[in-house]
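Engineer: Handing you a structure now.
The values are calculated or read from the model by the stated rules, or taken from the named source; none is laboratory data. Nothing here was measured: the structure is a model prediction, and the numbers come from that model. Cβ: placed from backbone, ideal geometry, glycine included. Neighbour counts: every protein chain shown. SASA here: full protein model, heavy atoms, side chains in, ligands and nucleic acids out. Shrake-Rupley method; radii C 1.70, N 1.55, O 1.52, S 1.80 Å.
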Amino acid sequence: RPQPAMPSGPSASAKGIIEDVLEGDMGKIDARAEELARRINKEQLSASQVRNFYGAFAKIRTERDAAKRLQQLKQHRARLAYLTARAKGSADPLWDVFGPLLRDSRHEHVDAICSFAEAIVAYHKYFEDRGGRAGREARNG
């Protein structure tokens, strides 16, 4: 059976997020992480899926060798493709931003990308606990 083609490029909104992350301004990174976390929370991406997504970024932060950090970052794109396929649509907003971001990243972007991913995890937890899936399940028994 034919496999769906991977999207050729990011959406217009993803392009703006990518530009802000690559700029490295922590204020913009924080705002964009909050925006993306709201979207993936609405798509009902689970907390465990978000943590799995972030795990590689946490490991990259501990690596001292710049070339290895960049290599690990770029390798994470394939893991994200797998997560996106398994999530059946709920991880599409992550792929739309991180697919091109990881593919096109350079040494000087690694820390900003890792900070962005970390902030997404934090905001996702925040939104989930305040009315997302966890909040709905708690209210519905």
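Engineer: Could you please give the count of residues in the range 1-36 that are of a type in the set (A, V, I, L, M) and modelled with pLDDT of 95 or more?
Structural biologist: The first filter runs over the range 1-36 and keeps only residues of a type in the set (A, V, I, L, M), leaving 5-6, 12, 14, 17-18, 21-22, 26, 29, 31, 33, 36.
Subset that is modelled with pLDDT of 95 or more: 17-18, 21-22, 26, 29, 31, 33, 36.
Matching residues across the range 1-36 total 9.
Engineer: Name the pairs whose Cβ atoms lie under 6 Å apart, with the first residue in the range 32-44 and in contact (Cβ under 8 Å) with a residue 12 or more places away in the chain, the second of a type in the set (Asp, Glu), and 6 or more positions between them or separate chains?
Structural biologist: These pairs meet every condition: Arg32/Asp20; Asn41/Glu128.
Engineer: Checking Ser115 against (1) assigned to a loop (DSSP other than H, G, I, E, B); (2) among the polar types (S, T, N, Q); (3) at pLDDT 95 or above, only one condition comes out false. Which one?
Structural biologist: (1)
Engineer: Further, regarding this structure: Take the range 41-99 and flag every residue that is of a type outside the set (A, V, I, L, M, F, W, C), open to solvent by less than 80 Å² (accessible area, probe 1.4 Å), outside any helix (DSSP H, G or I) and closer than 22 Å to Gly131 by Cα.
Structural biologist: Within the range 41-99, Ser46, Gly89, Ser90 qualify.
Engineer: Out of the residues in the range 47-62 that are within 11 Å of the chain's Cα centre (by Cα) and among the polar types (S, T, N, Q), state the one that is farthest from Phe127 (Cα to Cα).
Structural biologist: Asn52
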